[in-house]
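The values are calculated or read from the model by the stated rules, or taken from the named source; none is laboratory data. Owing to the predicted nature of the structure, the values given are computational and were not obtained by experimental measurement. Note that each Cβ is placed from the backbone with ideal geometry, even for glycine, and that neighbours are counted across all protein chains shown. The area values use the complete protein model at the heavy-atom level, side chains included, leaving out ligands, DNA and RNA. Shrake-Rupley method; radii C 1.70, N 1.55, O 1.52, S 1.80 Å.
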Amino acid sequence: MFAQGAALVVTMDKIVFEVVSYVYVFWAVVVFISLQFVNAPYGRYTRGGWGLQINGKLAWFLQEIPSILVPLYLLLITDSPRISHTPNRILLSCFIIHYLQRALIFPFLIRGGKPTPLVPFVLALVFCLANGYVQAGHLLYHAEFGDRSTFNPQFYLGLVMFFAGMFINIHSDHILRNLRKPGEKGYKIPQGGMFKYVSGANFFGEMCEWCGFAVACGTLPAYSFALFTVCNIGPRACQHHRYYLEKFEDYPKERKAVIPFLI
């Protein structure tokens, strides 16, 4: 009876993972269309009317930390044999490593920074809670790679994309943080690294990360997460590109918005 009940829970989880994945796809389309008409109200586009203003560093830490805590909690309570498989361990480690940097390092390196309105903060928090459960849970309970998957070229290609994207993302954030000298305000033209090719180098790096993660996983939850990421931060990179072109007469005209040489 217990075994049957456990099997039912696992089956229900699989259904939940699939449903949430398709919700990601739906919201990816909604968000992409919406961002063609309005700028997401955080960062340089922060404005009133979106709820209580929260300290930017604190908001970033709180909204991102569930993406670490939820997978770690599942690791503690799971008895799934799939975690003994090398690909599952590597991919789950990639997910956690990304958010270790984004939750425990990135926000505390921010210089200045505008407050985050309550609405986008809550939306990001809910997404990180759900996504931490879906990505980690699927890798722990349902993703079947087996150790032989580590010999699959697609797996290695995805890992290369993931870590290349992470490097680009971290390096681009470093460039942005150091644009202004202590005491200076306002925006400057970012130079160096991938900014030579695109205005949204940091966004390009993160898109590359999660597309690589999806390629390595080859699963519906990972692909839907990658799609949502692209539809969410891709338009923001385009908004930044238009902002730079309007603000700086000498802004490099050969730069693209988010995809080198294309968009």
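Rg to Rh ratio, the stretch 123-172, alpha-carbon atoms and Kirkwood radius?
Result for the stretch 123-172 is an Rg/Rh of 1.08.
How large, in Å, is the stretch 115-234 by the Kirkwood hydrodynamic radius built from its alpha-carbon pairs?
16.2
Let me know the charge dipole size of the stretch 57-156 about its Cα centre in debye, to the nearest 20, where only the beta-carbon of Lys, Arg (+1) and Asp, Glu (-1) is charged.
My answer is approximately 380 debye.
How much of the calculated P(r) for the stretch 170-237 lies past 14 Å, in percent of all Cα pairs?
Summing the P(r) of the stretch 170-237 above 14 Å gives 62 percent of all pairs.
Hey, any idea what Rg/Rh is for the stretch 10-65, computing Rh the Kirkwood way over Cα pairs?
With Rg and the Kirkwood Rh in hand, the quotient comes to 1.12.
Taking every pair of alpha-carbon atoms in the chain, give the share separated by more than 24 Å as a whole percent.
In whole percent, the long-distance tail amounts to 51.
Amide H to amide H under 5 Å from ILE54: which residues, 5+ apart in sequence or cross-chain, H placed 1.01 Å off N in plane?
THR116, LEU118
At 1.4 Å probe size, put TRP210, TRP50 in order of accessible surface, largest to smallest.
TRP50, TRP210
Springs between alpha-carbon atoms under 10 Å, Gaussian network over the chain: tell me which of GLN239, GLN135, GLN53 tops the mean-square fluctuations.
The residue with the greatest mean-square fluctuation here is GLN53.
Residues with amide H under 5 Å of ALA257's amide H, sequence separation 5 or more or different chain, H placed in the peptide plane at 1.01 Å from N; which?
Here SER199, ILE263 satisfy the definition.
Counting other Cβ atoms within 10 Å, keep those with at most 14, restrict to DSSP loop, and tell me which GluC sites (Glu not before Pro) in the stretch 176-228 are left.
In loop regions of the stretch 176-228 (DSSP not H, G, I, E or B), the sparsely surrounded GluC sites (Glu not before Pro) are GLU184.
Could you give me the ³J(HN,Hα) list for the stretch 189-202, computed from phi with Karplus coefficients 6.51, -1.76, 1.60 and θ = phi - 60°, whole Hz, x at Gly and Pro?
6, x, 10, x, x, 6, 5, 5, 10, 9, 6, x, 4, 5
Quick one: give the max-minus-min coordinate of the C-alpha atoms of the stretch 159-207 along each principal axis, largest first, in Å.
That works out to 40, 18, 14 Å along the principal axes.
Working from the alpha-carbon coordinates of the stretch 1-136, get Rg over Rh, Rh being the Kirkwood radius.
Here Rg/Rh amounts to 1.04.
Would you kindly state the longest site-free stretch of the chain, with sites defined as trypsin sites (Lys or Arg not before Pro) in a DSSP loop (not H, G, I, E, B) surrounded by at most 10 other Cβ atoms within 10 Å?
Formally, the longest exposed-site-free interval is 48-184.
Taking a threshold of 21 Å on the Cα-Cα distance, which of the pairs LYS57/LYS247; LYS188/LYS253; LYS196/LYS253; LYS188/LYS247 fall above it?
The answer is LYS57/LYS247.
Along each principal axis of its Cα atoms, how long is the stretch 73-166 end to end? Whole angstroms, biggest number first, please.
48, 30, 18
Helix 86-104: angle to the longest alpha-carbon principal axis of the chain, degrees 0 to 90, nearest 10?
40
Roll a 1.4 Å probe over the protein heavy atoms and report the accessible area of LEU104 in Å², nearest 10.
80
For the stretch 24-29, just list the computed ³J(HN,Hα) in residue order, Karplus coefficients 6.51, -1.76 and 1.60, θ = phi - 60°, integers in Hz, with x standing in for Gly and Pro.
Rounded to whole hertz, the list is 4, 4, 4, 5, 4, 5.
Which three extents, in angstrom, do the Cα atoms of the stretch 53-103 have along their principal axes, listed largest first?
The Cα atoms of the stretch 53-103 stretch 44, 19, 9 Å along their principal axes.
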